[in-house]
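Step one of this worksheet: look at the structure below.
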Amino acid sequence: MGLNFIFTLLITVFTVNEKPSSSVVNMQEKADEPNQQIAHYLDSIEFYWHSAPQTAILYADSAYQLANELNLNNAQKVDVLANKGIAEYTKGNYKEALSYYDSAINLGARLGIDINEIFLYSLNLQSKQSNFKQVILKADSILGSEKLSDIDRVRFLIVKARAIAESGDALKANEVIEKVGFDNIPLEEQGAIMSIKSTLENIKGEFNQAIDHLDKSLSIYQYMGDSISMARVFVEKGKIYIGFGRFDSANIDLNHGLDLYERAKYPYGIAKAHFLLGSLYSEMGKGELAVDYYYKALKTFEEQSNTKEIAETYADLAWLYSTQDAQKSMELINKSINISHSIGDVGVEATGYNYKGIFHDRLKNYDSAIVCYDLSARLRNSINYEKGAAAAEFNKGYIYEKQGRFDAALEIYLRTYAVDVKLGNKLGAAIGEYTLGGIYTKLGKFSAAEMYLNLAYEHLLHIEALPYLVECINYYVKYFEAIGDDTRALKYLKQHAALKDSVNGREIDVRLAEMESRYALEQKEKEIALLSLENQNQKQSQEIQNQTITNQRILIGFISTGILSIVVLLIITFRVLQIKSRNNKRLEALNKEISEQAEEITAQSEELQEANEEIVSLNEGLEYKIDERTKELREAHKELDTFFYHASHDFRRPLTTFLGLAEIANTILTDQKALELFEKVKDTAGSLDRMVGKLKAISIIGFDKLKYTQVNLEGLLNRVIDKHQKLKKDNLLSFKFDLKIKEVYTSYDLLEIIMDNLVENAILYKKKATDSWISIETTTKDSHVVFKVSDNGQGIEKELTDRIFEMYFRANELSQGNGLGLYITKKAVSKLGGFIEFETKYDKGSTFTIHIPVII
């Protein structure tokens, strides 16, 4: 050891040009083998997905970056893209994830490699976005391939069954599951089938069977040692228990799931468990605990950018606040709707509108509530989610019942009840039955009422849905009171009170169970900490022993080489002094040169500082002048708007007088030429009056602040049409209204300007000597009120369509217009934050569509 040490020192001192170190050589070798590095990343990703997802995400990002740097287009790049998609999916960036899956599928197809597994990733993601219809169609397309292996066929059947089940059709989903043989398939797929069967039984209201299937699934994952899948099953069980009012069991299973997720350090799973614990305490009326768990979940979802889950959490928080703070509740539900719409998650967006309808219902804003329920039902129907669409329709019927529109409510209840029966939704059907019993009681149809109440009671007892059974018994009390049977009414009233006390008693059990589970968890943590401490002590003892041995060896080595080291040090010292002497001379010359350069740089920096000060001074002067000019322009613009506004009023006085005189002339003069002359005066004055109206409209649009109010659309449109009666010239023009929205909250002045100019434009460009019509429709779309104004007039030639919104542009020289109407309309729509679209066909007519954001 001593000789090696000496030789190493000598080489270090006397060698001028060193060779590359071994670490540099190794780095070069790794750089020459990029495909092996990516293979290492891919192996690490697969290893960490189920134990440390955040680590797997880091490896996926690194693999993707390296593959792009190497410009790979091989089978490895397909795996890299697929894993990058999984990483984005885990973070909640669903649009990005779908894009990476599509890229992997396209590249794999070009390379001719098996991409079925990536198709499965893509379809599972689309299911999570509630695009059930697309998933089912795509799965059917792939299942039609003869080249599909048996195991891939099973996996695609599972994906299809899950999508059908999530859409609420338990019977169709069961038909698909029956095609999958349970034996001779991998354990992971067996666990997935059990999970889907649980979903089907839950839809049908077969609560105990749903739990049994999840317990079988749990056994499979326990055998596999898949702790994350076990945690997911516990959380699913907790969710089912919440739905059926078994809060004690829900609390136990959710905490089991939370414990497993925490041990695996899986943030998404922990947040999901926190979210459902928030739901549990919300159902129990424990608002403070619910808020605490919801915000714990929200923090993690936001840190990981789990966008869908963020939207779901905002929706549940909105529900929680709905009975305490209506404004905050509306803010939260609007956030949920906007987020889910931005990521294309139709299911969560529909749920948001359903909640919003309930909030409007509580505030007695019944018309707004109905609009929200209709939106929810329409969105759910678009993804083939019949169960959810029926629930939104059911809520609409509940409003009709509140309004005393019993026949309309009954029609909806019967329709939604039929859907629940068809889908096998036993709980939904039972709720529909006691609701029908209630409505038939109000209608005095007591035999039908009793029949439906008996059915509901029997079904709810069978599925053990105690909270809903309490509600059913309440309907029985109302029924017996209505038929005058006070004895039986009192009997059911006592049963109602006893069952309600029983349900409330379960909440106490939940709190005790929670305390027990938390105590057990703390004990386990203490045991783990104690074991960890013991292991640490053992490690430290071993390290001390190893260090002692190492120190003894080092001491012996130093003693044996000490004498030789002194000799070597003397040689080194001599050599160093020689080198130092030469270097000192070089340093003196360099210092002198640096000093001269420093003086020159100092002089240049002083010149630059003076120039900078001059530039700063000039900039300050320019900024002051710009501010002054801007202020002057604003004042001039304001004065011009004020001038337009007052000038339009001043011009209208003489014009009104002219028009009045022309009307008087028609009644007192008999000379035909004089009458023709006054008619021309009247037309000219009318044209000028419309021009003045345009000037006034421009000034109103220029106002800084607008006055918003509740606008009755039918009244406004009738006023606009009355104003333009004189332009009709004949009786060949008719108006049609289809107003699905009757009132909006917006600026009355700007809305009148918009409709006034569109109606005037349609009249001026109508065909002569032809039966003409103007149609006006209102509806809602994407949080906007939509106004559609159509006519069968002259239309606009295709080559002129790009110019119709220009100032003073007229489609033809024979027009009576002044070329300002559509220009002003577009300005007014923009002022309201909306936009305008139009369709036209020459000699057939035009349609202008206005989209305005409005608070409904």
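The values are calculated or read from the model by the stated rules, or taken from the named source; none is laboratory data. Everything numeric here is computed off the predicted structure, so don't read it as measured data. As a convention, Cβ positions derive from the backbone with ideal geometry for all residues, glycine included, and neighbour counts pool all protein chains shown. In case anyone asks, the SASA skips ligands and DNA or RNA and just uses the protein heavy atoms, side chains included. Shrake-Rupley method; radii C 1.70, N 1.55, O 1.52, S 1.80 Å.
Observations on the structure shown:
- Complete set of residues in segment 483-500 that are more than 14 Å from Leu469 (Cα to Cα) and either in a helix (DSSP H, G or I) or out of contact with any helix residue (DSSP H, G or I) (no Cβ under 6 Å at 6 or more places or on another chain) (or both): Gly484, Asp485, Asp486, Thr487, Arg488, Ala489, Leu490, Lys491
- Within segment 162-211, tally of residues that are touching a helix residue (DSSP H, G or I) at 6+ places or on another chain (Cβ under 7 Å), at pLDDT 75 or above, open to solvent by 60 Å² or more (accessible area, probe 1.4 Å) and under 24 Å from Phe247 (Cα atoms): 1
- Condition check for Gly352: open to solvent by less than 10 Å² (accessible area, probe 1.4 Å) and either under 25 Å from Leu453 (Cβ atoms) or of a type outside the set (Val, Ile, Thr) (or both): yes
- Residues that are under 19 Å from Ser329 (Cβ atoms), among the aliphatic types (A, V, I, L, M) and open to solvent by 20 Å² or more (accessible area, probe 1.4 Å), drawn from segment 355-382: Ile358, Leu363, Ile370, Val371, Leu375
- Members of segment 46-68 that are farther than 21 Å from Gln304 by Cβ and in contact (Cβ under 8 Å) with a residue 12 or more places away in the chain: Leu66, Ala67
- Flag for Ser217 being of a type outside the set (A, V, I, L, M), open to solvent by less than 10 Å² (accessible area, probe 1.4 Å) and under 30 Å from Tyr295 (Cβ atoms): no
- Any pair with Cβ under 7 angstrom, 6 or more apart, that starts in segment 173-194 at a residue that is under 11 Å from Ile158 (Cα atoms) and ends at one that is open to solvent by 60 Å² or more (accessible area, probe 1.4 Å) and of a type in the set (D, E, K, R): Glu189/Arg155; Met194/Lys216
Condition check ((1) at positive phi; (2) of a type in the set (D, E, K, R); (3) out of contact with any His (no Cβ under 8 Å at 6 or more places or on another chain); (4) in contact (Cβ under 8 Å) with a residue 60 or more places away in the chain) across all residues:
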| site | (1), (2), (3), (4) |
| --- | --- |
| Gly404 | yes, no, yes, no |
| Val419 | no, no, yes, no |
| Thr441 | no, no, yes, no |
| Gly444 | yes, no, yes, no |
| Tyr457 | no, no, yes, no |
| Val477 | no, no, no, no |
| Leu490 | no, no, yes, no |
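- Any chance Leu332 is over 26 Å from Tyr400 (Cβ atoms), of a type in the set (A, V, I, L, M) and at pLDDT below 85: no
- Search result, residues across segment 440-466 that are buried (at least 17 other Cβ atoms within 10 Å of the Cβ) and either within 25 Å of Phe244 (Cβ to Cβ) or small (Gly, Ala, Ser) (or both): Ala449, Tyr452, Leu453, Leu455, Ala456, Tyr457, His459, Leu460, Ile463, Ala465, Leu466
- Lys387 fulfils the conditions (1) of a type outside the set (A, V, I, L, M, F, W, C); (2) farther than 25 Å from Asn306 by Cα; (3) open to solvent by less than 50 Å² (accessible area, probe 1.4 Å); (4) touching a residue at least 60 places away in the same chain (Cβ under 8 Å) except for a single criterion, (3).
- Qualifying positions in segment 743-779 - under 17 Å from Arg719 (Cα atoms), open to solvent by 60 Å² or more (accessible area, probe 1.4 Å) and touching a strand residue (DSSP E or B) at 6+ places or on another chain (Cβ under 8 Å): Glu743, Tyr748, Glu777
- Close pairs from segment 825-836: first free of Cβ contacts under 8 Å to residues at least 40 places away in the same chain, partner part of a loop (DSSP other than H, G, I, E, B) and open to solvent by 10 Å² or more (accessible area, probe 1.4 Å), Cβ under 6 Å, at least 6 apart: Lys826/Phe805
- Some residue of segment 395-418 being modelled with pLDDT under 90, within 25 Å of Tyr241 (Cβ to Cβ), open to solvent by 20 Å² or more (accessible area, probe 1.4 Å) and not charged (D, E, K, R): no
- Leu277 being farther than 26 Å from Tyr48 by Cβ and either among the aliphatic types (A, V, I, L, M) or at pLDDT 85 or above (or both): yes
- Helices (runs of 4 or more DSSP H) contained entirely in segment 713-768, each with at least 3 residues that are closer than 20 Å to Gly819 by Cβ and not basic (Lys, Arg): 748-764
- Residues in segment 78-104 that are of a type in the set (Lys, Arg) and at pLDDT below 90 were compared, and the one that is most open to solvent (accessible area, probe 1.4 Å) is Lys95.
- Cβ pairs under 9 Å, 6+ apart, first in segment 284-308 and touching a residue at least 24 places away in the same chain (Cβ under 8 Å) and more than 26 Å from Glu96 (Cβ to Cβ), second surrounded by fewer than 20 Cβ atoms within 10 Å (Cβ to Cβ) and among the polar types (S, T, N, Q): Gly287/Thr323; Gly287/Gln324
- The selection criterion, being surrounded by fewer than 16 Cβ atoms within 10 Å (Cβ to Cβ) and of a type in the set (S, T, N, Q), does not hold for Asn116.
- Matching option when the condition is surrounded by 14 or more Cβ atoms within 10 Å (Cβ to Cβ) and modelled with pLDDT under 90, among Gly834, Gly817: Gly817
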